[in-house]
1. Scan the range 217-228 and give yes if some residue there is in a strand (DSSP E or B) and surrounded by fewer than 17 Cβ atoms within 10 Å (Cβ to Cβ), otherwise no.
2. What number of residues within the range 217-271 are under 18 Å from residue 188 (Cα atoms), among the polar types (S, T, N, Q) and at pLDDT 85 or above?
3. Of the residues 136, 104, which single one is assigned by TED's automatic domain parsing to the domain that holds residue 17, surrounded by 15 or more Cβ atoms within 10 Å (Cβ to Cβ), over 15 Å from residue 37 (Cβ atoms) and aliphatic (A, V, I, L, M)?
4. Just name the residue that is modelled with the lowest pLDDT out of those in the range 3-28 that are β-branched (Val, Ile, Thr) and surrounded by 15 or more Cβ atoms within 10 Å (Cβ to Cβ).
5. Within the set of pairs 6+ apart or on separate chains, which have a first residue in the range 233-244 that is on the phi > 0 side of the Ramachandran plot, a second that is part of a helix (DSSP H, G or I) and surrounded by 17 or more Cβ atoms within 10 Å (Cβ to Cβ), and C-beta atoms under 9 Å apart?
6. Would you mention how many residues in the range 21-63 are of a type outside the set (Gly, Ala, Ser), part of a loop (DSSP other than H, G, I, E, B) and farther than 22 Å from residue 10 by Cβ?
7. Working only within the range 66-95, note down all residues that are free of Cβ contacts under 8 Å to residues at least 40 places away in the same chain and over 28 Å from the mean Cα position of the chain (by Cα).
Amino acid sequence: MRVAEQDRTHGAAQELSGFLRRRREQIAQRWADTPLFRTVFTVSRDEAVDAGKAVVDALAEVAASGRLEDIAAPGFGAVRDQLGRTAAARARTGSTPAQIADEVADLRVSAAELLRAEYSDPAAREAHEAALTLAVLMGTLRLVVMETALNAGAELIERQRQQLMEVATPVIQLWEGIVAVPLIGTLDSARSQVVMESLLEAIVDQRAAYAILDITGVPTVDSLVAQHLMKTVAAARLMGAECIVSGIRPAIAQTIVHLGIDLGSVVTRAGLADALAYALARQGIVVPAAPGTIPS
């Protein structure tokens, strides 16, 4: 009994594959006028039709393989990027994930109309099985679109996060041979890596002999942050630059002492101005004190 049912299901999938190949042009023409394709491909309608044909071809291949409910079916591979871009473009126009999913589901309507026309009796068992098979396949397409869109969204967020970290950790040339990184906000492993890479690149590009890490804007320092700072200092030394840490506030100094972290080998200064004055003095440059100030 089960074998007969499997054979019938396989046969319905093969018939659906043949239908999709025969009616490829008509289905694509109808899909080109749906919201999912119409608002994305704005250069020409032919572009939307070509995109629809590619999706129909993918569905036909999946149906031929019999893997109607498998989102990992090889047939979907050729259109995953396209579906992801389409969903992302719809999201940029203000569509919610639920709306995008509904728009994908709406594609079944036009295909189902053409499928019913294939049968002289739309109420016959064969027509019912074909419609059910199409519904299953289109449901899988819906899942593929949402999975692809979510993955594309996650990749975009990661790229934006990386760009934000790079913007949030600028390397500034304070003087010839002196660069500084003013750190603001919490330091984690990922951001610390960006700080180190940016600083080392600046040391090479600017041929800097002194690098200042200013942590005035860092709210807290724990053992992990301290380790990152020590690694950055060590890496700068390997590049031939002396690293100075400035902006250690009283609360952070107490935390470092309580944690038992040894910064004895690191040059520290109270503020960025003090660190710059130290670096200048090491290069034999004397900066006159501002009028009204008491020389140190």
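1. yes
2. 1
3. Result of the check over 136, 104: 136.
4. Of the residues in the range 3-28, the ones β-branched (Val, Ile, Thr) are 3, 9, 27.
After this cut, where a residue has to be surrounded by 15 or more Cβ atoms within 10 Å (Cβ to Cβ) as well, the list is 9, 27.
Working: 9: 71, 27: 95.
Checking each candidate, the answer is 9.
5. 240/203
6. Residues in the range 21-63 being of a type outside the set (Gly, Ala, Ser), part of a loop (DSSP other than H, G, I, E, B) and farther than 22 Å from residue 10 by Cβ: 7 in total.
7. Across the range 66-95, the qualifying residue is only 67.
Rundown of residues vs (1) within 36 Å of the chain's Cα centre (by Cα); (2) surrounded by 15 or more Cβ atoms within 10 Å (Cβ to Cβ), yes/no style:
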| position | (1), (2) |
| --- | --- |
| 184 | yes, no |
| 189 | yes, no |
| 275 | no, yes |
| 283 | no, no |
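The values are calculated or read from the model by the stated rules, or taken from the named source; none is laboratory data. Every value quoted in this text rests on a predicted model; they were computed, and no experiment measured them. Neighbour counts run over all protein chains shown; Cβ positions are idealised from the backbone, glycine included.
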